[in-house]
Amino acid sequence: MYRVWSYVTTYSLLLIGGAVIALIWANSDPDSYHALVHAVLIDNFLIGILEHEGGGTTRTLTLHFLVNDVLMAFFFAIAAKEVWEAVILEHGSLRGSKAITPLIATAGGMLGPVLVYVTLAAALGILGDVHRGWAIPTATDIAFSYLVGRMVFGAGHPAVRFLLLLAIADDAGGLIILAIFYPTGDLAPQWLLLSLGAAVAAFTFFNWLPRRLDRGNQLRPNSTWVRKKLSFWPYLVAGCLSWFGFQEAGIHPALGLLPIVPTIPHADRAFGIFAEAEEHLTDLLNWIEHRLKYPVEFVLLFFGLLNAGVEFSAIGAPTWLVLFGLVIGKPLGISLFGWFAANILRLGLPDGMRTADLVVVGCVAAIGFTVALFVASVAFPAGPVQDAAKMGALFSFGAALISLAAGKIFKVEKVEIT
């Protein structure tokens with residue numbers, strides 16, 4: 001996550017490859033494709049989907065469950081790491097008053113798509129059938145939006161930084177929406193005590209206590225011993241417990257590592273999500289992220305393969321609801337809320353950024369893809385409605401072309417880094 005091309009390669013190109021393979025496969029031999037998606041790896045497994053049959057409990061581990069519910073937890077952990085850095089560190093990009101305008105614009109960028117989605121669904125008389133999909137178009141794909149933003153504005157334009165802050169905040173909002181509005185079963189919030197307990201124990205015994213014992217000793221013997229001898233293992237154990245707590249609580253388990261991320265030791269500095277300097281940070285949180293880089297690449301490859309396989313015949317009303325929510329709702333919401341924050345609340349915009357640039361930023365942020373696909377997979381059960389909604393998430397790539405056109409219309413002057 002140190003250079004933009006490295007980042008896009010890591011978290012996007014394999015995902016696109018998986019999605020393209022899935023589309024071709026699902027439209028040429030749908031039976032074999034769906035057989036792969038629902039392939040049973042282990043029956044009567046100890047950790048899996050609960051199914052009550054005659055009072056007994058059986059658990060089945062499918063390939064889809066392994067990727068979407070287990071392995072995607074590592075992807076969301078990396079996203080949570082970036083949000084955590086942006087909010088809590090001294091030089092975090094979402095810390096303090098400098099983030100207020102993009103945060104308000106983010107709120108508009110999430111509310112606008114919801115209003116467009118719900119309004120169009122109501123006008124078509126299908127709101128009752130598709131109401132659970134309202135959150136799908138709230139997503140923004142960080143990597144692709146950043147890449148397109150650089151193409152439109154140039155790497156040195158302040159709007160690119162604004163867009164990045166907005167995309168990070170958007171992801172944080174998406175994680176909250178997933179946790180609150182898309183439970184995976186009957187809610188049993190008492191199980192969250194397991195996740196909370198695991199996070200508190202990991203932080204107390206393997207982060208706070210060693211540092212407390214090392215006060216006044218620059219050699220930091222206790223912290224060094226914990227780092228060298230125990231490494232990431234206490235946090236892995238805590239992560240497994242937290243994941244299980246989320247699953248049993250009825251919250252999507254792919255979010256299960258989120259409470260553990262803030263407990264991991266981290267240097268109190270942040271160079272930015274694409275900064276080359278972050279490659280050389282050796283604190284445990286960055287060390288873990290560096291080791292997850294390649295595994296997460298392949299997780300996203302399989303995520304695209306198992307979730308983007310939609311037959312073109314599935315295109316329907318939900319496709320256009322998701323797509324219009326993104327390409328209309330995002331620019332409108334970001335433009336209006338950003339203008340309100342900058343001009344009415346007098347919070348202003350970054351030096352060198354115009355109000356007209358907000359419209360273009362909104363167009364770029366309309367690229368949903370990764371998180372939109374994920375939300376679609378949990379918003380609707382497998383079937384034609386889910387497939388149609390996923391197609392809308394895939395079609396949101398068209399926002400890249402819209403962004404390039406908007407840049408020309410609003411006469412954006414590209415600013416390159418000198």
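Coordinate-derived values only; no laboratory data. Everything quoted here is computed from the prediction, not taken from an experiment. Backbone-built Cβ (ideal geometry, glycine too); neighbour counts: all protein chains shown.
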Checklist entry - If you take the charge dipole of the stretch 183-251 about its Cα centre, with +1 on Lys and Arg Cβ and -1 on Asp and Glu Cβ, which of Ala198, Leu219, Trp208 is farthest toward its positive end? => result Leu219
Next on the checklist: Using a 7 Å offset from the Cα along the Cα-to-Cβ direction at both Leu36 and Ala123, what is the distance between the two label points in nm, to one decimal?
Outcome noted: 3.9
Next on the checklist: How long are the semi-axes of the equivalent ellipsoid of the stretch 183-251, taking √(5λ) for every eigenvalue λ of the Cα gyration tensor, in whole Å from largest down?
Outcome noted: 32, 11, 5
Item to check | For Ile42, distant residues with modelled amide H under 5 Å away | outcome: Leu61
Checklist entry - Expressed in nm to one decimal, what extension gain is obtained for the pair Ser97 and Leu292 from 0.36 nm per residue of sequence separation less their Cα-Cα distance? => result 66.9 nm
Checklist entry - Quick one: putting +1 on the C-beta of Lys and Arg, -1 on the C-beta of Asp and Glu, what dipole do you get for the stretch 183-251 around its Cα centre, in Debye to the nearest 20? => result 640
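To the nearest 20 debye, what is the magnitude of the charge dipole of the chain about its Cα centre, counting +1 on the Cβ of each Lys and Arg and -1 on the Cβ of each Asp and Glu?
Result for the chain is approximately 1300 debye, rounded to the nearest 20.
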Next on the checklist: Taking the beta-carbon count within 10 Å as an exposure proxy, list Ser32, Ser231 from fewest neighbours to most.
Outcome noted: Ser32, Ser231
Checklist entry - So what's the back-of-envelope 222 nm ellipticity for the chain, counting only DSSP H runs of four-plus at -39500 (n - 2.57) apiece and dividing by all residues, rounded to 500? => result -17500 deg cm²/dmol
Checklist outcome for this item: With the chain reduced to its Cα atoms and the Debye formula applied, log10 I(q)/I(0) at q = 0.11, 0.13 1/Å amounts to -0.85, -1.18
